Structure formats: structure tokens, C-alpha cells
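See structure below.
Values in this text are rule-based calculations from the coordinates and carry no lab data. These numbers were taken from a predicted model, which means no experiment stands behind them. All Cβ positions, even for glycine, are placed from backbone atoms using ideal geometry, and neighbour counts span all protein chains on display.
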Amino acid sequence: MKAVLYERYGNPEVLEFREIAKPMPKADEVLIRIHATSVTAGDWRMRKAKPFLVRLINGLFKPKRVKILGFELAGVIEETGEAVKTFQKGDEVFAFCGFRFGAYADYKCLPESGVIARKPSNMTLEQAATVPLGSLTALSLLRKGGIKANQSVLIYGASGSVGTFAIQLAKHFGTRVTAVCSGANSAMVRSIGADETIDYTKEDFTAVATRFDLVFDAVGKIKKSMCKGLLGPKGQYVSVTSQAAFRKADLWFVKDLIEAGELTTVIDRTYRIAEIREAHYYVEQFRKRGNVAIKIR
């Protein structure tokens, strides 16, 4: 099969197309023929080894543990192991690959018990491929912050992948959402549920008079100390820099919300897998709105 590998850390030019052996599913695994994936911050940070912690995880001088990037995918099950009960050949699925990555390829084996679910019926495979990482990160951290109905929530970095899912999920939980983003993205975040917007290019969002029950840093660029004046007496601060939980049941929950019309994905650009280097260059500029999809088929 074809795959995109990287054998050294660096700019997107280190991404190379190779022919490698097609994987075979174990008894408890499914073999997925991948149709689409995405480029996330996690992908380019692994490729670039930034922060330095990446080198401690994936090899000090060159990639060893992960050589094929791609955090999330959507595709069609081509084969199932003999112990698999939930899925069958031909099922359209979407999945989070975990920290072994591997979606920049024609095929990927995942355990039946992994974070995998049937694709939402009202999404294309391309759309579904951009959902797992951002939605599950947002859902996990909103829950960590104790989100509940009638709260006021501020989301910083609201126009990115995690931010756009966080807006919609916060509205699902019955809260009032203030989105911090550039003025150019205000209309978009309002279209997916934000009640108020703050243009950080024109206004210091930390100086607003409103006090919030939850402040969510969706891009990992602000510290808790910066937000103390924004938090109410029992206000909570959460950030994508903290650990998020990725659970199979939550992806099925997300699937249900999508099919109920309560959640969608925002796709900024779509590239073909042959353009993976260009896609990485674009995402690394921190200018994308929502997600960047990669079509493999």
C-alpha cells in the first residue's frame, strides 16, 4: 500500500511517499480502507518535534515509534478479525487513531475496542474524518470543567478545530457562549451557535466586565493567571494543554449529535494526499478555520 512517512524531523519536505506492506488485522481488529484523514496541530508538531518532548516520546534524533502521521480517519471496513462482533465488512466508519497515528496511508488496522464508530449518516467520509480529534478533545475538556446548563462559557481560539466543536457542544449542554476570535471569523462562529463574539485583534478579552463559569483555551495560548479576572466565584479554567480523554462511547455520542443536527464540522480547506506537504505548511501558519481535510480516495 501507499503511505506518507517521515524518517527525520523538520519542515513538511520530510514527508515522503512510500510503498509499504499492507497491514493484516488481528483477531480483535478491523482493517479500514482509508478514504480521508486530516492535518492537525498534533501532526505537524510530531513532524517538527516541537515541543522538545516529542523527541522523548518518538526518538531523540529521528522518528522511531511513529513514522506515519494522521490522528484521525474515515473509511470503509475491508476485513474483520474473527473475534470482531460490532463491525462487518463494508461498514463506513470514522475513528481516532490514538497516539500511534497512522492515517496517512491507504489502510489502517484498529482494535474493535478502540475509538471507532460508524460514520454519521448525514456526513461524507471527508467530513467525518475531521471530527474525532477536535470533538472528543472539546467534549472531554468541557466535562472536565464541569459544564452544565445555564452557565456562561468563554472559548478562546473559537474558530479552530477544537474551538468550533467546543462552541456547538457547549450550546448542546445549554450554556451561553462567548467566542474569542478574529473579526474575520465572527460570522462563522455565530453561525454555529456563539451568542457573543470578542475580536481579540481589537479588544483585550481579559478586560471584559463579564464573569464566566468556564473559560476554555482551545488553542493553548493563554495561561490560567491571565483569566483570573474573567472567572466567577466558582469558575473553572481548562486548556487543550491538559490531558483529554478519548473514549469509544463518546465518539458514538458525537455521532448521535451529528445525526440529530446539533453538531457539524467546519472545513477550511481540502487537499489531496499528494498535496500533504502543502497542507502541513498551511496548518502550521495558525490561520485555518476549523479543520483541514485530506482526501486519500
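Summarising the amide proton neighbourhood of ARG211: residues at separation of 5 or more, or on other chains, whose placed amide H is nearer than 5 Å comprise an empty set.
Only one residue of PHE52, GLY183, VAL115 has its Cα farthest out toward the positive end of the dipole of the chain, where Lys and Arg carry +1 and Asp and Glu -1 on Cβ, and that residue is PHE52. The label point for GLU82 and the one for ALA149, both projected 7 Å from the Cα toward the Cβ, are 5.1 nm apart.
Please list, by residue number, every one of the GluC sites (Glu not before Pro) in region 32-134 that is coil in DSSP and has at most 15 other beta-carbon atoms within 10 Å. Don't jump to the answer; show the numbers that get you there.
Details: sites: GLU72, GLU78, GLU79, GLU82, GLU92, GLU112, GLU126; in loops: GLU82, GLU112.
Passing both the DSSP loop test and the Cβ count: GLU82.
Using a cut-off of 18 Å between alpha-carbon atoms, which lysines can reach LYS26, once sequence neighbours fewer than 8 places away in the same chain are excluded? Hits, sequence-local ones excluded: LYS85, LYS89, LYS108.
Taking amide H positions as modeled 1.01 Å from N, with prolines and chain starts lacking one, the residues under 5 Å from GLY160 and 5 or more places away or on another chain are GLY290.
Taking amide H as placed 1.01 Å from N in the peptide plane, the amide H of GLU79 sits under 5 Å from that of LEU31, each at least 5 places away or on another chain. With the charge dipole of region 134-239 set up from +1 on Lys and Arg Cβ and -1 on Asp and Glu Cβ about the Cα centre, the Cα lying farthest toward the positive end among the listed residues SER140, ALA207, HIS172 is that of SER140.
For LYS255, the aspartates and glutamates whose Cα comes closer than 15 Å to its Cα, not counting residues fewer than 8 places off in the same chain, are GLU72, ASP91, GLU92, GLU126.
For region 217-297, the set of chymotrypsin sites (Phe, Trp or Tyr not before Pro) satisfying both a DSSP loop assignment and a count of at most 12 other C-beta atoms within 10 Å is given as PHE286. Per residue of the chain, the DSSP helices (runs of n ≥ 4 H) give a summed -39500 (n - 2.57) that works out to -6500 deg cm²/dmol at 222 nm. Taking the chain as a Gaussian network, Cα atoms linked when under 10 Å apart, which of PRO111, PRO23, PRO233 shows the biggest mean-square fluctuation? Largest GNM mean-square fluctuation: PRO233.
For ALA187 and SER121 in the same chain, what is the full-extension length gain: residue separation times 0.36 nm, less their Cα-Cα distance, in nm? Could the numbers behind the result be given before it?
Values: separation 66, 0.36 × 66 = 23.76 nm, distance 2.72 nm.
Extending this stretch completely gives an extra 21.0 nm.
The charge dipole of region 134-239, taken about its Cα centre with unit charges on the Cβ atoms of Lys, Arg (+1), Asp and Glu (-1) only, comes to about 380 debye. Taken one residue at a time, the phi angles of region 142-148 give Karplus couplings (6.51, -1.76, 1.60, θ = phi - 60°) of 4, 5, 4, x, x, 4, 7 Hz. Gly and Pro are set to x.
Which net charge results for the neighbourhood of ASN185, defined as the other residues with beta-carbon distances under 12 angstrom from its beta-carbon, given Lys and Arg at +1 and Asp and Glu at -1?
Values: positive: ARG190, ARG287, LYS288, ARG289; negative: ASP199, ASP268.
Taking every Cβ under 12 Å from that of ASN185, the sum is +2.
Are there trypsin sites (Lys or Arg not before Pro) in region 1-41 that DSSP puts in a loop and that have at most 15 other Cβ atoms within 10 Å, and which ones? Kindly include the intermediate steps, with their values, before the conclusion.
On the way: sites: LYS2, ARG8, ARG18, LYS26, ARG33; in loops: ARG8, LYS26.
Within region 1-41, the qualifying trypsin sites (Lys or Arg not before Pro) (loop, at most 15 other Cβ atoms within 10 Å) are ARG8, LYS26.
What the phi angles of region 69-79 give under the Karplus curve with 6.51, -1.76 and 1.60, with θ = phi - 60°, is a coupling list of 7, x, 7, 9, 7, 9, x, 10, 5, 9, 7 Hz, glycine and proline written as x.
Which lysines have a Cα lying under 20 Å from the Cα of LYS48, excluding residues fewer than 8 positions away in the same chain? Here the lysines satisfying the reach criterion relative to LYS48 are LYS62, LYS64, LYS67, LYS221, LYS288.
For region 134-239, just say rounded, prolate or oblate: build the C-alpha gyration tensor, square-root its eigenvalues into a ≥ b ≥ c, call rounded for a/c under 1.5, and beyond that prolate if a/b exceeds b/c, oblate if not.
On the way: a/c = 1.34, a/b = 1.02, b/c = 1.31.
The shape class here is rounded.
To the nearest 20 debye, what is the magnitude of the charge dipole of the chain about its Cα centre, counting +1 on the Cβ of each Lys and Arg and -1 on the Cβ of each Asp and Glu?
On the way: 45 positive and 31 negative charges, 179 e Å.
It works out to roughly 860 debye.
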